[in-house]
1. Would you mind computing, in nm to one decimal, how far apart the modelled labels at Ala426 and Arg77 are, each placed 7 Å from Cα along Cα→Cβ?
2. Once phi is turned into ³J(HN,Hα) by the Karplus curve 6.51 cos²θ - 1.76 cosθ + 1.60 with θ = phi - 60°, what whole-Hz value does each residue of region 228-241 show in order, with x for glycine and proline?
3. Once the convex hull of the C-alpha atoms of the chain is built, how many Å³ does it hold per residue, rounded to a whole number?
4. Of the DSSP beta bridges with both residues in region 2-373, give the percent that are antiparallel, rounding to the nearest 5.
5. How much net charge surrounds Arg155 when only other residues with a Cβ under 13 Å from its Cβ are counted (Lys, Arg +1; Asp, Glu -1)?
6. By the scheme Lys and Arg +1, Asp and Glu -1, what is the net charge of all other residues having a beta-carbon under 14 Å from that of Lys336?
7. I need the phi-derived Karplus couplings for region 280-291: 6.51 cos²θ - 1.76 cosθ + 1.60, θ = phi - 60°, integer Hz, Gly and Pro marked x.
8. Quick one: of Lys74/Lys243; Lys269/Lys314; Lys199/Lys321; Lys41/Lys154, which pairs are farther than 30 Å apart, Cα to Cα?
Amino acid sequence: MAREEGRKWMVIGATVVSLLVALFILSSCSKETQIGGTKDKVLTQDERMDWWREARFGMFIHWGPYAVPAGTYKGERVGGTGEWIMNNGKIPVEEYEKFAGQFDPIGFRADEWVRLARNAGMKYIVITSKHHDGFCLWDSRVTEWDIMDATPFKRDILKELAEACKKHGVKLCFYHSIMDWHHPDAQAPFYPNYNDGSKSNPNFDRYVDTYLKLQLAELLTNYGPIGVLWFDGEWIRDWTEPKGKDLYAYVRSLQPSILVNNRVGKGRKGMEGLSASDEYAGDFGTPEQQVPPEGLPGVDWETCMTMNDTWGYKSYDDNWKSVEELIRTLADVASKGGNFLLNVGPMPEGLIPPASEERLKAMGEWMAVNGESIHGATASIIGRPDWGRCTVRGNKLYLHVFNWPADGTLEVPMAKAEVEKAYLLADKKRTNLPVTAGGETVTVSLASQAPDPVDSVVVLVLKTNE
Ligand code: FHN
């Protein structure tokens, strides 16, 4: 009974503190709302989306205290992904907090992570500022459940990442969970099934108004221009579309140019990730671990995917996708007009798993030769040929040949009259490749050997009316 009484006064105390801090943050952020002291020009939707559509390829980072158990609790392997161990392992809040006490990533070098992403051809990084466990990777004023107070590390991860992203010209973005298994006004009381969709917390609105929104104000006021607020954990009973629309407007009021995904509201259709209709809040759809089978012209969407089977680090998940599969998925996504957000789950000591690093370096070597066929690319205008995929930029078609024709003849479903010339993207001399007309197809004559066994890109330059 005393414990409940104590918890009640703790919540009341936390609320009073939060309200006082709220007044301080809101008063300070009114002066700093315009990041960097410059007033955000009001951009059109297309102008806001421009950098993101150009980027096409980003790094997802899932990192927090869950990297410490790394999929094992009390000697047992826990099912599901690494970042869900608190729920799937039925770990009480006080028990889980001990992992933060062991979270001391002395190997963390923001500059190395950002260079790894940039050299892989990734133009933005989406990192978990707060995942479902409620742990904050930044120095938050409204909680001690953060990197500064709950760990021996005591460095602001997001601040160091923001500096490195600015230095290397990579956009910094935040993943932020609406669901929170640690806050007493959110899901914590639902233990042992924090994710219990049948339960509601009578204090949830207090969590939104005096915690969730205040932390977003911290993130969007103190870390410079943020490219995307990537919400998640919106499926809970206490979250509604009206709340999502309100949160979308709130975030945009702090940084008017920021992009917000469709998980801010209730519009996404499960893991397919696209919104049921335009009436739902959010700037782009979020297919997860899958690529829409058809191109979706006119729809902005981003496939997020793991390199193995987990988002957060698990020491024994070695089911890594091959470099071939990752490069071809990138081409497939871009050929359908989408973005590819590829995940890394850093280890507890702050290092990127070697298998992830190896794949990213190999993707970077391919992107160094073929990046123009991905960055800024739009959906195929010739469907999905048997030999591979097609991406488009201006008057150029980029033919991603996965299956190199043994007879050296590449059939392309389009009229000859439209083709000015063809060349291999890997050929710096841009030697013309012979193109002959068929009825509804053109044939490009290729050498017997593919320059790249995974994805060789043939460029078709189309005649323009000029
Ligand atoms: O529950 C999360 C999961 O941990 C991970 O963050 C993925 C990434 O998109 N999203 C949710 C599952 O759909």
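1. According to this spin-label approximation, the distance is 3.8 nm.
2. Listing the rounded values in order: 9, 9, 9, 6, 7, x, 8, 6, 5, 4, 6, 9, 10, 5 Hz.
3. 155
4. Taking every DSSP beta bridge within region 2-373, about 10 percent pair in antiparallel fashion.
5. -4
6. Details: positive: Arg53, Arg56, Arg328, Arg384, Arg389; negative: Glu272, Glu294, Asp300, Glu302, Asp332.
For residues surrounding Lys336, the net value is 0.
7. In residue order, the calculated couplings are 8, 6, x, 8, 7, x, 9, x, 10, 6, 7, 10 Hz.
8. Lys74/Lys243; Lys199/Lys321; Lys41/Lys154
Rule-based calculations on the coordinates, nothing more; no lab input. Since the model is a prediction, treat every value here as computed from it, not as a measurement. Note that each Cβ is placed from the backbone with ideal geometry, even for glycine, and that neighbours are counted across all protein chains shown.
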